[in-house]
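What follows is calculated from the coordinates using simple rules that are stated; it is not laboratory data. Being a predicted model, the structure only gives us computed values, none of them experimental. For neighbour counting, all protein chains shown are included, and Cβ atoms are generated from backbone atoms with ideal geometry for every residue, glycine included.
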Amino acid sequence: MWYKLTFKQLQPINLGYKKHGVINETRIFITGQTMWGALSNAYAKTESYNETLFENITCFYPMIDNEILYPKYKDGEFYLGDMSEREFRYQFTTTYLSTAINPLSKNAKDESLHEIDVILPKDISWVGYLDIEDKNKIPKEIYIGSDSRYGFGLMKLDGKPIEDDFSYKVIKGKYQDDNYPKDKPLSNFLEFKKSIKFEGKLELLAQFDFGENNPKVKENSGAFYIGVGSKVV
């Protein structure tokens with residue numbers, strides 16, 4: 001059964017995307033793989049299990065003022081809802097500066113300076129869909145992204161999971177029966193095929209085997225995916 005989940009962001013989060021010099025830039029949405037890891041890690045800390053918790057999950061998007069900001073491209077620029085990526089970053093992200101200190105000299109260690117780009121918890125919740133048999137196994141508290149040891153990443157389940165038929169669901173990167181929506185922004189990554197014509201962006205992603213408790217990168221799995229917000233035409 002598919003469930004609609006809403007997580008309330010309580011701490012800054014870094015969703016690891018690109019590195020520019022000493023700056024670790026964050027994505028502005030949560031990929032299914034990232035949420036998979038957060039949910040699985042949280043569950044593993046409280047339960048001893050030898051079964052797959054779940055296999056299918058979507059990307060999660062920010063919800064602000066009760067509006068879910070789904071991705072799209074407009075005039076070649078990435079948007080979440082009606083907010084451009086630049087606007088979103090200006091309003092909701094900041095950069096934390098940190099460096100390692102030499103305990104003897106009390107000076108900064110060479111080449112240890114780095115900046116962490118984070119999304120601030122400014123009344124943001126994150127909404128997505130999960131396919132799981134037992135909704136009671138969904139953790140109520142998770143840490144997501146990198147640098148949780150610095151007080152980043154805490155999110156809590158907001159309300160009860162809502163049953164949903166999720167008619168446009170995506171399974172392991174592929175729409176069922178290749179019945180992907182036409183001329184509608186994709187809300188999840190779609191594996192690229194030469195036969196697919198699209199407008200938007202390609203990303204090179206590794207493919208994970210979600211059939212095990214610990215996801216593994218498949219051999220020779222680097223593949224191009226049509227990015228979220230793109231349109232199949």
message: Can you give the FRET efficiency to the nearest 0.05 for I196 and R86, using r as the Cβ-Cβ distance and R₀ = 35 Å?
response: 0.80
Efficiency of FRET from Cβ geometry, L10 and D134, R₀ 25 Å, rounded to 0.05: 0.50
